[in-house]
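Colleague: I'd like to ask some things about the structure below.
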Amino acid sequence: MKRRSVLFGALALTVASGTVAAAAPRAAVGRRVVVYYQTQYTNGRYVSPLGLTRNKTGVTDVLVAAVHLNDLNGPYAPVHVNDDPPEAAKYDRMWRDLKEMQGRGVHVLAMVGGAAPGSFTRLDNEFDTYYPLLRDFIRRYGLDGVDLDVEERMSLAGIVRVIDALRADFGPGFLITLAPVGSALSGGGNLSGFDYERLYRDRGDDIAWFNAQFYNGWGSMTSTSSYDAVVRRGLIPASKVVAGTLTDPSNGGSGYVAPTRLKSTIRSLVATYPDMGGVMGWEYFNSQPGGTAQPWRWAAEVSSALAAVR
């Protein structure tokens, strides 16, 4: 999303396990707790996402990042998850863990694109060549959806074509989300090239929700104002706006909001918009307040705040 993957250096720390914490309240029905999971290795050790379910945090969706569609004439495999092909041995445990989470009712989606450019330019300009790579990847790993994080210029017709193809290939239950910067939903700055409001008018029924990035200068979760600005536009309902935030100061350039303040904002949002879409965090492995030892605690805290107002 905001952190460009590099072609070297693996990432991860095994999530502390052993004792299982008391169950946190489930998120209220319809309010999503979305976690981006990009760092699978840190300091040479694997980061398992299973703490999110084994500690009953209320997580609803885990987004595996970042999927890249590479130049077929280049030196790398056509599809990568971060720095390696998805079938690399280093990911075997990850796919098993994610399948276990799906068995517990958590949706697993693939985040395509992000800060490393190229995937959407290829889908836009050479759709017939590159879309089948994405389609086959989704099928192979049995994913519940795709998060389209377009941080490069793409045409409106191009993104509509991708959405239409996904819907045709995977049916009405398949989750299609997008991850615009927050201001793109309130008439402001945009990284994607196309107009999100026009996209919503054209394909809103096919978009499950938006993971709006309210950080890095594109919005803020220190108060409700950025979220309010989106809803005030009167087009995209609160039910389809998931408020995005950084989970640790090191995960973005600016805009980290500490848990106490974040929970206050969430409670205010739920009081104002009972049908709000939920909260997403970028990213999992070092999420505060638990840090690398207990990153699942972020989701538990958010879930509790989302459920605090009925």
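Colleague: Filtering region 226-254 down to residues that are part of a loop (DSSP other than H, G, I, E, B) and hydrophobic (A, V, I, L, M, F, W, C), which residue is nearest to GLY30 (Cα to Cα)?
Modeller: ILE236
Colleague: Right, next: Within the bounds of region 246-265, is there any residue that is modelled with pLDDT of 95 or more, within 18 Å of the chain's Cα centre (by Cα), over 30 Å from THR42 (Cα atoms) and crowded, with 18+ Cβ neighbours inside 10 Å?
Modeller: The answer is no; no qualifying residue exists.
Colleague: Now, a different point. Quick one: which residue in GLU152, GLU126 is touching a Pro at 6+ places or on another chain (Cβ under 8 Å) and either open to solvent by less than 30 Å² (accessible area, probe 1.4 Å) or free of Cβ contacts under 8 Å to residues at least 40 places away in the same chain (or both)?
Modeller: None of the other options fit; the residue is GLU152.
Colleague: Still on this structure, please answer the following. Which count do you get for residues in region 56-80 that are open to solvent by less than 10 Å² (accessible area, probe 1.4 Å) and at positive phi?
Modeller: Of the residues in region 56-80, 1 are open to solvent by less than 10 Å² (accessible area, probe 1.4 Å) and at positive phi.
Colleague: Which of the following residues is assigned to a loop (DSSP other than H, G, I, E, B) and either among the hydrophobic types (A, V, I, L, M, F, W, C) or at pLDDT below 95 (or both): GLY193, GLY187?
Modeller: Criteria check complete, one pass: GLY193.
Colleague: Then there's this: If I ask for residues that are open to solvent by 20 Å² or more (accessible area, probe 1.4 Å) and either in a loop (DSSP other than H, G, I, E, B) or not basic (Lys, Arg) (or both), which ones from region 42-55 would you list?
Modeller: If the condition is that a residue be open to solvent by 20 Å² or more (accessible area, probe 1.4 Å) and either in a loop (DSSP other than H, G, I, E, B) or not basic (Lys, Arg) (or both), then THR42, ASN43, GLY44 are the ones that fit.
Colleague: Among the residues of region 55-72, which ones are closer than 15 Å to TYR36 by Cα and not hydroxyl-bearing (Ser, Thr, Tyr)?
Modeller: GLY58, VAL59, ASP61, VAL62, LEU63, VAL64, ALA65, ALA66, VAL67, listed by residue number.
Colleague: For region 293-310: of the residues being part of a loop (DSSP other than H, G, I, E, B) and closer than 18 Å to LEU63 by Cα, which is most open to solvent (accessible area, probe 1.4 Å)?
Modeller: TRP296
Colleague: Right, another one. Does PHE137 fit the bill of being buried (at least 19 other Cβ atoms within 10 Å of the Cβ), among the aromatic types (Phe, Trp, Tyr) and farther than 16 Å from VAL62 by Cα?
Modeller: Criteria met by PHE137.
Colleague: Would you confirm whether or not region 268-276 contains a residue that is open to solvent by less than 10 Å² (accessible area, probe 1.4 Å), in a helix (DSSP H, G or I) and more than 11 Å from VAL35 (Cβ to Cβ)?
Modeller: yes
Colleague: Among the residues of region 172-184, write down those that are more than 16 Å from SER155 (Cα to Cα) and assigned to a helix (DSSP H, G or I).
Modeller: Of everything in region 172-184, those that are more than 16 Å from SER155 (Cα to Cα) and assigned to a helix (DSSP H, G or I) turn out to be GLY182, SER183.
Colleague: Now for a different question. Filter region 181-200 down to the residues that are touching a strand residue (DSSP E or B) at 6+ places or on another chain (Cβ under 6 Å) and free of Cβ contacts under 8 Å to residues at least 60 places away in the same chain, then identify the one that is surrounded by the fewest Cβ atoms within 10 Å (Cβ to Cβ).
Modeller: LEU191
The values are calculated or read from the model by the stated rules, or taken from the named source; none is laboratory data. Treat the numbers as computed from the prediction; the structure is a model and nothing was measured. When we count neighbours, we look across all protein chains shown, and the Cβ atoms used for this are built from the backbone with ideal geometry, even at glycine. Calculation scope for accessible area: heavy atoms of the full protein, side chains included, ligands and nucleic acids excluded. Shrake-Rupley method; radii C 1.70, N 1.55, O 1.52, S 1.80 Å.
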